[in-house]
Amino acid sequence: MKLTFVVKYEPQWAALLRMQGLLLGVLGNQRVLGYWREADVVLMHTDNFRTWFVEVDADEFAFPLEYKYVIYSPNNKKIVSWENRENRVTEGISFTDDKAVFTDEGLYFDLPLFRGAGVAIPVFSLRSNEGFGVGEFLDLKKLIDWAALTGLQLIQTLPINDTTMQHNKADSYPYGTLSVFALHPMYLRLQMLGELKNPKDKTFFKDWQAKLNALKTVDYETVNELKWKYFRLIYKQEGAEVLAYSEFKMFFAENEKWLLPYAVFSYLRDKEGTSDFHQRKELREYNEALVSKTYAKNATEVGLYLYLQFHLYKQLLEVHAYAKRQGVLLKGDIPIGVNPCSVDVWCNPKLFNLDQQAGAPPDDFSEKGQNWGFPTYNWDEMHLDGYAWWKERLKYMSTYFDAYRLDHILGFFRIWEISLHAKWGLLGHFYPALPLKEENIEMYGLVFDADRFLKPFISEHILKRYFGDDVEEVKLSFLVENRSGKYDFLPRFDTQRKISAHFAAKKTLSAKDEKIRDGLYRLMCQVLFVKDVRHADHYHPRISCQSNEAYLALRKHEKEAYLRLYEDFFYHKHNELWMHQAMNKLPTLLNATGMLACGEDLGMIPACVPEVMKELNILSLEIQRMPKQYGQEFGVPYFAPYLSVCTTSTHDMSPIRLWWEEDRVKTQRYYHAMLFENGEAPAKCEPWIAEKILWQHLQSPAMWVILPLQDWLAVDGKLSNKDIHAERINVPDNPKNVWCYRMHFDLDKLLTADTFNHKVKGMVSEGRR
């Protein structure tokens, strides 16, 4: 008979075992369990660091069975720690077909909780002499060396998936994925693909490499244009041989389900000049047989995209193996959405609500909300096959990463959904939700009036405030006066999308055009309720009512009634529904791999979110500038929960030196309240200030403190960038932001910056990380 011991446990033990190269074992009062002898410990196995298991021969078991789990060091060949509780005891086991599984949950050791430190930086931001104007996968090896040198145990990146939709700088947005599986060809090291035989070609690319490497930022378009030129040349020279490798054939066989549709899609995109499959001549709708037929007919052309993904796989796999040898974890990033013209939508349209857009309600990043333009997920359809698409996505990611950031984890509870006719997130609503009918609204003391509640509230006073000297032109071109003396939009301009199309028809927009367009967008948002798209007679209160002209125009008792409705709707009504939604999805996804899950839980956080994340052992994100406690201006790192990632800033925020200079009044309050300093705050975030901020975070109880490279560098006045504005990666309120931040010196210089590296290592060590 065979008995399998299975133990599931918390992420702190997974982190401890993985980072220190330790194993889990079991000892007990049976011969096959070593008779409690350390030398005969039964070592367990794991595929994912979430669950450990071992099968033993149970023929000679005598009951009661007593045992304990132990932590074992294979290097020192000894037990590091025994469980600190009474022996685990069982009086009997039921076997089926001579097999039984014994499952325990939780481990109990007298060991200090693991606390680690890391660095966050996009791959494209890395700089090296070997690169081609942009960070590449193999550059990570030098960053790994630096992390090992300074005592950092983790490197966090932004998404690295292919985003090539238009072959222009708009593709620099790393969250607009063409495929959730395919990696971005931009990250390939050209030299590793092979050397071009033509001397003129070699000189051409060598000259361009020097030019691009000298730039302060990433020239996304030029880098990708030239890399694709190299790809086509080297593929013509080496491709047939590579595609004949047995290693490639194995890679293709293991990944054909996503790889072949991606390659054919990319071939058709470049052939027809559009990624919008609805506009293509060929294969507008996905058909597996026709995809195979297209490949067979155009094998050489399609093969280019297979060839590139194979090399990307090899180079990133090499990096992951190198990181493991150096004792450094790699943490990836899983975007919450996919591009509506992506391979994933093309292949699986039923998995998405294509008539809706995902985004975020207004927050510190954007007062008008965010509209990401992604379709929302059809979770009911995904549930039918056990969330297979998500599980496959995570499993492939675990090939390269040990941990992941789950972008906008709130979207697994509910998503901010925006109708296609809207441009701004202000006109969105949560989904799923419990929208209100007329009678529900009237129960709060409001007499329902469709014109007043659903149409934009536009008065003469508001128009003058929004448009100033241009008010008459706006009224004449876009509005019509109604019987109440207010204004309505003309039918041809009665949605933000129609307004957008009007201005998009112009070849160029003047500053005046942009002012009028954005003013009209804002006017469109001055409503009390937003219609539910699935039920015509149901309504959602518009978010951010305090800045809503329609709310401000209400009488006192109406405002009080509306606020009661608003408070109940957004903060109480949906808690149970949203908890149920998350618990239906997240456990399945988490169990798909052994990667450590870290949630990006920023924004308008429902009360159920911390509870669910704690139950599922998902690490939260704690940022001092975005406290989660109501009424606090700044968070206190010392009070961060253990199951969290604590950081000074993110890619969507200003690094600490830039933030310091953005609002002097707020900085002064921070200087007194958080740094406990007297007098006037220095005009600039001097190195000693940055060090004090970082030190507060390193002392926090959080499992991980992961800081942007820019903030690490802030402690060294000689190394940090003199241009603080150049360190900003993204401005969420700017839809035209180009993601082009780049280190201002190369990785070799970082590795030899002895004074700085000694300081970082000392801070990490003194912080007991």
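The values are calculated or read from the model by the stated rules, or taken from the named source; none is laboratory data. Since the model is a prediction, treat every value here as computed from it, not as a measurement. Virtual Cβ from ideal backbone geometry, glycine too; neighbours counted across all protein chains shown. Accessible surface areas use protein heavy atoms only, side chains included; no ligands, DNA or RNA. Shrake-Rupley method; radii C 1.70, N 1.55, O 1.52, S 1.80 Å.
When +1 charges are put on Lys and Arg Cβ atoms and -1 charges on Asp and Glu Cβ atoms, the dipole computed for the range 595-658 relative to its Cα centre reaches about 180 debye. Placing dummy labels 7 Å off each Cα toward the beta-carbon, the span from His725 to Glu238 is 4.2 nm.
Within straight-line reach of Lys666, meaning a Cα separation under 17 Å, sit the following lysines at least 8 residues removed in sequence or on another chain: Lys684. Mark the label point 7 Å from the Cα of Phe204 along Cα→Cβ and return the residues of the range 217-255 whose backbone N is within less than 17 Å of it. Within reach of a label on Phe204, which here means backbone N under 17 Å from a point 7 Å along Cα→Cβ, the range 217-255 contributes 222-238. According to the calculation over all Cα-Cα pairs in the range 475-589, the P(r) per 10 Å bin from zero is 11, 29, 30, 20, 10, 1 %.
Taking the Cα atoms of the range 112-192, the ratio Rg/Rh between the radius of gyration and the Kirkwood radius comes to 1.04. Residues in the range 408-417 carry Karplus couplings, in order, of 6, 4, 4, x, 8, 8, 6, 10, 7, 10 Hz; the curve used is 6.51 cos²θ - 1.76 cosθ + 1.60 with θ = phi - 60°, and Gly or Pro positions show x.
The loop-placed GluC sites (Glu not before Pro) in the range 678-769, going by DSSP, that have at most 10 neighbouring Cβ atoms within 10 Å of their Cβ come out as Glu680.
Between the range 632-685 and the range 148-222, the alpha-carbon centres lie 33 Å apart. When the trypsin sites (Lys or Arg not before Pro) in the range 258-345 are filtered for DSSP coil states and for at most 16 other beta-carbon atoms within 10 Å of their beta-carbon, the remaining sites are Lys281, Arg284.
Karplus-based coupling profile of the range 153-165, in residue order and whole Hz: 10, 8, 10, 10, 10, 8, x, 10, 6, 5, 10, 6, 10, with θ = phi - 60° in 6.51 cos²θ - 1.76 cosθ + 1.60 and x standing for Gly or Pro.
What FRET efficiency, computed as 1/(1 + (r/R0)^6) with R0 = 41 Å and r the Cβ-Cβ distance, is obtained for Leu113 and Thr217, rounded to the nearest 0.05? In this case the efficiency is close to 0.55. With a ≥ b ≥ c taken as the square roots of the eigenvalues of the C-alpha gyration tensor of the range 193-262, please select rounded if a/c is under 1.5 and otherwise prolate if a/b is larger than b/c or oblate if it is not? Taking the square roots of the gyration eigenvalues as a ≥ b ≥ c, the range 193-262 is oblate.
Please report, in cubic angstrom per residue, the volume enclosed by the convex hull of the alpha-carbon atoms of the range 1-120.
On the way: hull volume 13.0 nm³, N = 120.
Each residue corresponds to 109 Å³ of Cα convex hull volume.
With the simple model of a label 7 Å out from the Cα in the direction of the Cβ, Glu38 to Leu420 spans 6.9 nm.
For Val530, the residues whose modelled amide H falls within less than 5 Å of its own, excluding neighbours fewer than 5 places apart on the same chain, are His540, Arg542.
So which aspartates and glutamates can Lys475 reach, going by Cα to Cα under 19 Å and dropping same-chain residues fewer than 8 places off? Of all the aspartates and glutamates, those that pass the test against Lys475 - Cα under 19 Å, at least 8 places apart if same chain - are Glu460, Asp488, Asp494, Asp513, Glu514, Asp518, Glu549.
3J(HN,Hα) along the range 229-245, derived from phi through the Karplus expression 6.51 cos²θ - 1.76 cosθ + 1.60 where θ = phi - 60°, amounts to 5, 5, 4, 5, 5, 6, 5, 4, 7, 10, x, 4, 5, 5, 5, 8, 4 Hz, with x in place of Gly and Pro.
Kindly sort Phe137, Phe95 by accessible area of their heavy atoms, largest first, with the probe set to 1.4 Å. Mind showing how you got there, number by number?
On the way: Phe137 0, Phe95 60 Å².
Ranking Phe137, Phe95 by accessible area, largest first, yields Phe95, Phe137.
Take the Kirkwood radius over Cα pairs of the range 688-760, plug it into Stokes-Einstein at 4 °C and 1.567 mPa s, and you get 92 µm²/s for translational diffusion. P(r) tail for the range 383-458: Cα pairs beyond 18 Å make up 67% of the total. In the assembled protein chains, Thr508 presents an accessible area of approximately 110 Å² (probe radius 1.4 Å).
Report, to the nearest whole %, how much of the accessible area of the chain belongs to carbon and sulfur atoms, 1.4 Å probe, protein only. Of the solvent-accessible surface of the chain, carbon and sulfur hold 51 percent. The amide H of Ser644, built 1.01 Å from its N in the peptide plane, has Ser620, Met703, Trp704 as neighbours under 5 Å, considering only residues 5 or more places off or on other chains. For the peptides 366-374, 577-585, the ranking by packing is 366-374, 577-585, with the highest mean count of neighbouring Cβ atoms within 10 Å listed first. Extension gain, Glu195 to His383: 0.36 nm times the residue separation minus the Cα-Cα distance gives 62.9 nm. Annotation: amide H-H contacts under 5 Å for Gly635 (H modelled 1.01 Å from N, sequence separation of 5 or more, or interchain): Arg625, Met626.
With helices as the sole contributors, the chain gives -11500 deg cm²/dmol at 222 nm; each DSSP H run of n ≥ 4 counts as -39500 (n - 2.57), and the sum is divided by every residue.
Listed by chain and number, the aspartates and glutamates placed with their C-alpha closer than 12 angstrom to that of Lys749 amount to none; residues fewer than eight positions away on the same chain are left out. When the residues Asp380, Asp139, Asp716, Asp57 are ordered by accessible surface, computed with a 1.4 Å probe over the protein chains alone, the sequence from largest down reads Asp380, Asp57, Asp716, Asp139.
For the range 1-75, the per residue solvent-accessible surface stands at 42 Å², with DNA, RNA and ligands left out and a 1.4 Å probe. Could you list, in their original order, any pairs among Lys227/Lys718; Lys423/Lys506; Lys585/Lys614 whose Cα atoms are separated by more than 26 Å? Correct reply: Lys227/Lys718.
What does the accessible area per residue of the range 587-644 come to in Å², with a 1.4 Å probe and no ligands, DNA or RNA counted? All intermediate terms of the calculation are to be shown ahead of the outcome.
Values: 2470 Å² over 58 residues.
I get 43 Å² per residue for the range 587-644.
The eigenvalues of the Cα gyration tensor, multiplied by 5 and square-rooted, give the range 530-672 an equivalent ellipsoid with semi-axes of 31, 27, 13 Å from largest to smallest.
The GluC sites (Glu not before Pro) of the range 1-75 that DSSP puts in a loop, and whose beta carbon has at most 14 other beta carbons within 10 Å, are Glu60. Structure note, pairs Lys169/Lys350; Lys257/Lys293; Lys142/Lys200; Lys437/Lys531; Lys464/Lys512; Lys202/Lys229: Cα-Cα distances above 19 angstrom occur for Lys169/Lys350; Lys142/Lys200. Charge dipole (Cα centre; +1 on Lys/Arg Cβ, -1 on Asp/Glu Cβ; no other charges) of the chain amounts to roughly 1800 debye.
Name the residue farthest towards the positive end of the dipole of the range 36-188 from the options Leu154, Gly135, Leu107, assuming +1 on Cβ of Lys and Arg, -1 on Cβ of Asp and Glu, about the Cα centre. Final value for the positive-end residue is Gly135.
Can you tell me how much longer the chain between Asp276 and Arg325 gets when fully stretched, taken as 0.36 nm per residue apart minus their C-alpha distance, in nm with one decimal? Can you show the working numbers first?
Details: separation 49, 0.36 × 49 = 17.64 nm, distance 4.27 nm.
That pair, Asp276 and Arg325, stretches by 13.4 nm at full extension.
For the residues Arg542, Arg534, Arg37, a 1.4 Å probe over the protein chains yields an accessible-area ranking, largest first, of Arg37, Arg534, Arg542. Our estimate of slack between Asp537 and Glu460, defined as 0.36 nm per intervening residue step minus the Cα-Cα distance, is 24.7 nm.
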